[in-house]
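Undergrad: One structure, pasted below without further comment.
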Ligand SMILES: Cc1cc2nc3c(=O)[nH]c(=O)nc-3n(C[C@H](O)[C@H](O)[C@H](O)COP(=O)(O)O)c2cc1C
């Protein structure tokens, strides 16, 4: 065998050996396990998503700071990664930055809509409900995308709040109809909710582990 070919074989062998080791020897940056002489293995688990989720609270009062378009776009990209029924991706968003339009949208929810008046950005979460199959899970699809938005906003230390629209009334018609008319959203979509965002102007205590209903988690059976 020629020397060059021989080296190629050796290199391939070394690469395969390095990448296909047993799972415990594979580097996993998020799970560290340490040997303990007393109890066997103890686990220290990093959970940055949990840390973020503890900090997320509904913030309904906003300061004057302007959120960069780039930051808003980063947040919106996270929402696009949300799972959807059948992978149909029926959720779409209108990001509203115009203050006068934000007020009009707020007025489209007769009870409590004005809470978005001070927001710097309002994301209108709507779902394509024209398609019968996608319509079956439209609430779940919209809700999970909205949850992603709320967490993503917290990542940039922004205040955010879900503002409900489904089954709510506007000035004359349903909030859904009035918002769709304002934003020229075509037929075949239904607005589920808004996510208002802005500089935090209320200081809400992050959750701690003791705030959580740990007894709501059941393993193997209730
Ligand atoms: C389906 C749903 C509808 C909600 N609707 C509203 C709403 O219309 N207005 C509002 O201020 N908050 C609304 N919220 C936010 C809840 O009031 C809030 O999540 C709850 O009080 C817990 O507080 P936290 O978000 O700080 O944990 C809604 C939340 C969900 C999940």
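Undergrad: Answer yes or no: is there a residue in segment 174-186 that is outside any helix (DSSP H, G or I), under 15 Å from the mean Cα position of the chain (by Cα) and under 25 Å from residue 72 (Cβ atoms).
TA: Restricting attention to segment 174-186, the residues satisfying the condition of being outside any helix (DSSP H, G or I) are 174, 183-186.
Cutting the leftovers down to under 15 Å from the mean Cα position of the chain (by Cα) gives us none.
No, segment 174-186 contains no residue that is outside any helix (DSSP H, G or I), under 15 Å from the mean Cα position of the chain (by Cα) and under 25 Å from residue 72 (Cβ atoms).
Undergrad: How many residues are in contact with a helix residue (DSSP H, G or I) (Cβ under 6 Å, 6 or more places away or on another chain) and near the ligand (Cβ under 10 Å from one of its atoms) when one looks only at segment 147-161?
TA: Counting residues in segment 147-161 that are in contact with a helix residue (DSSP H, G or I) (Cβ under 6 Å, 6 or more places away or on another chain) and near the ligand (Cβ under 10 Å from one of its atoms) gives 1.
Undergrad: Further, regarding this structure: Out of all the residues in segment 150-158, is one or more under 21 Å from residue 117 (Cβ atoms) and outside any helix (DSSP H, G or I)? Talk me through it step by step, then tell me what you get.
TA: Kept after step one, since they are under 21 Å from residue 117 (Cβ atoms), are these residues of segment 150-158: 150, 153, 158.
Within this subset, residues satisfying the condition of being outside any helix (DSSP H, G or I) are 158.
Yes, segment 150-158 has at least one match.
Undergrad: Residue by residue through segment 101-140, note down the ones that are more than 14 Å from the ligand (Cβ to nearest atom), buried (at least 16 other Cβ atoms within 10 Å of the Cβ) and farther than 20 Å from residue 174 by Cβ.
TA: 120, 121, 134, 137
Undergrad: Next question. Are any residues in segment 109-140 modelled with pLDDT of 95 or more and in a helix (DSSP H, G or I), and if so, which ones?
TA: Within segment 109-140, 113, 114, 115, 116, 138, 139, 140 meet the criteria.
Undergrad: Could you tell me whether any residue of segment 72-84 is assigned to a loop (DSSP other than H, G, I, E, B) and within 22 Å of residue 175 (Cα to Cα)?
TA: Initially, segment 72-84 is screened for residues assigned to a loop (DSSP other than H, G, I, E, B), giving 81-84.
Those still in the list that are within 22 Å of residue 175 (Cα to Cα) too: none.
Looking for residues that are assigned to a loop (DSSP other than H, G, I, E, B) and within 22 Å of residue 175 (Cα to Cα), one finds none in segment 72-84, hence no.
Undergrad: Just for segment 187-206: of the residues that are within 10 Å of the ligand (Cβ to nearest atom) and not in a strand (DSSP E or B), which one is surrounded by the fewest Cβ atoms within 10 Å (Cβ to Cβ)?
TA: Within segment 187-206, the match that is surrounded by the fewest Cβ atoms within 10 Å (Cβ to Cβ) is 205.
Undergrad: Before we move on, is residue 144 within 26 Å of residue 204 (Cα to Cα) and more than 14 Å from the ligand (Cβ to nearest atom)? Spell out how you get there, then give the answer.
TA: On the way: within 26 Å of residue 204 (Cα to Cα): yes; more than 14 Å from the ligand (Cβ to nearest atom): no.
So residue 144 fails the test.
The values are calculated or read from the model by the stated rules, or taken from the named source; none is laboratory data. Given the structure is predicted, the values throughout are model-derived calculations rather than measurements. Reconstructed Cβ throughout: ideal geometry from the backbone, glycine too, with neighbour counts over all protein chains shown.
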